[in-house]
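The values are calculated or read from the model by the stated rules, or taken from the named source; none is laboratory data. A quick note: this is a predicted structure, and the numbers were derived from the prediction, not measured. Every residue, glycine as well, gets a Cβ built from its backbone with ideal geometry; the counts of neighbours run over all protein chains shown. Heavy atoms of the whole protein, side chains included, go into the accessibility calculation; ligands, DNA and RNA do not. Shrake-Rupley method; radii C 1.70, N 1.55, O 1.52, S 1.80 Å.
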Amino acid sequence: DVKVTQSSRYLVKRTGEKVFLECVQDMDHENMFWYRQDPGLGLRLIYFSYDVKMKEKGDIPEGYSVSREKKERFSLILESASTNQTSMYLCASSRSGYGYTFGSGTRLTVV
Amino acid sequence: QQQVKQSPQSLIVQKGGISIINCAYENTAFDYFPWYQQFPGKGPALLIAIRPDVSEKKEGRFTISFNKSAKQFSLHIMDSQPGDSATYFCAAKDNQGGKLIFGQGTELSVKP
């Protein structure tokens, strides 16, 4: 069964901490994405990557960065966590954009 | 910024009824329109998708209707069941890249 695995289901971090969210896919997909999900706002794209070491800004990249050193792993980094980054974070991968596979999400609370 | 607008935000339907969720877009460069279904505690999963060269696609109880001239598409769930209760997202893919633009989501509740 193909999978996108997010390392944590729940995280609680303090304001100002550096936070790493990890995502691993086992489908050899080129494309990987990070979204955040908030009620009434849907899924908003933070960053995406079409290949190893490549990254592109999405619609809401401020306060975030990403790293893709290996094809199967895409990390989202909150450089200095703030309370307005409390959200559900979803990672996804796809081969060509015609079928995303999502992870189960990481619910991050910043206190 | 590209947008996909989805309505309603929430929907309550009786068991056996028809659930209808609507989406509208502005970018004519979109070439693929999927719908995703998300259950609590899970990530969204692809439900059904359509390309703009067809006006309708049906898979079981789920149908997408697509109106290219109006730039609108909708999801119809026939004979809605309590197990269909979930959040539904429409999306659109730009033909120049692999990223999807999602709608705001619709929380569907099917009452027994």
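Report the extension gain between A:Ser8 and A:Asp28 in nm, rounded to one decimal, defined as 0.36 nm multiplied by the number of residues separating them, less their alpha carbon distance.
That works out to 5.0 nm of additional length.
Sort B:His76, A:His29 by heavy-atom solvent-accessible area, probe 1.4 angstrom, most to least.
Ranking B:His76, A:His29 by accessible area, largest first, yields B:His76, A:His29.
Enter the buried accessible area of the A/B pair, total of both sides, probe 1.4 Å, in Å² rounded to the nearest 100.
Chain pair A/B: roughly 1700 Å² of buried accessible area.
Tell me the Kirkwood hydrodynamic radius of segment B:11-50 in angstroms, computed as one over the mean inverse distance between distinct C-alpha pairs.
The answer is 12.7 Å.
Given a 1.4 Å probe, how much area per residue of the protein assembly as shown is accessible, in Å²?
48
Can you list residues from other chains, or at least 5 along the same chain, whose modelled amide H is less than 5 Å from the amide H of B:Ala91?
When sequence neighbours closer than 5 places are left aside, the close amide H contacts are B:Gly103.
Taking the Cα centre of each part, how many Å lie between segment A:73-111 and segment A:1-65?
So the separation of the two Cα centres works out to 3 Å.
Starting at the first residue of segment B:98-103, write each ³J(HN,Hα) from the Karplus equation 6.51 cos²θ - 1.76 cosθ + 1.60 with θ = phi - 60°, in whole Hz, x for Gly and Pro.
x, 8, 9, 9, 9, x
For B:Lys42, go through the aspartates and glutamates and keep the ones whose alpha-carbon is under 15 Å away, minus same-chain ones fewer than eight residues off.
A:Asp38, B:Asp84, B:Glu107
Counting only pairs 8 or more places apart or on different chains, how many lysine pairs in chain A have C-alpha atoms closer than 15 Å?
Total qualifying Lys-Lys pairs in chain A comes to 5.
In Å and whole numbers, how far do the C-alpha atoms of chain B stretch along each principal axis, longest first?
Answer, in whole Å and largest first: 43, 29, 20 Å.
State the extension gain, in nm to one decimal, for the chain segment bounded by B:Asn95 and B:Glu26, taking 0.36 nm per residue of separation less the distance between their alpha-carbons.
Full-extension gain reported as 23.5 nm.
Cα-based Rg of chain A per 2.2 N^0.38 Å, rounded to two decimals?
0.98
If each of B:Arg51 and A:Ser82 carries a label point 7 Å out from its Cα toward its Cβ, how far apart are those two points in nm?
Once both label points are built, they end up 4.3 nm from each other.
Compute, for chain B, the length of the dipole vector about the Cα centre, with Cβ point charges of +1 (Lys, Arg) and -1 (Asp, Glu) only. Units Debye, rounded to 20.
That gives a dipole near 80 debye.
Under 16 Å from a label point 7 Å along Cα→Cβ of A:Phe20: give me every residue in segment A:63-95 with its amide N that close.
A:65-81
If you put +1 on each Lys and Arg Cβ and -1 on each Asp and Glu Cβ, how big is the dipole of chain A around its Cα centre, in Debye rounded to 20?
220
Under the rule of at least 5 residues apart or a separate chain, name every residue whose amide H is placed under 5 Å from the amide H of B:Ser85.
B:Val110
Rounded to the nearest percent, how much of the accessible area of chain A (1.4 Å probe, protein heavy atoms only) is carbon and sulfur?
About 49 percent, which is the carbon plus sulfur part of the accessible surface.
So, with a 1.4 angstrom probe, what is the percent of accessible area on chain B that is carbon and sulfur?
That fraction is 47 percent.
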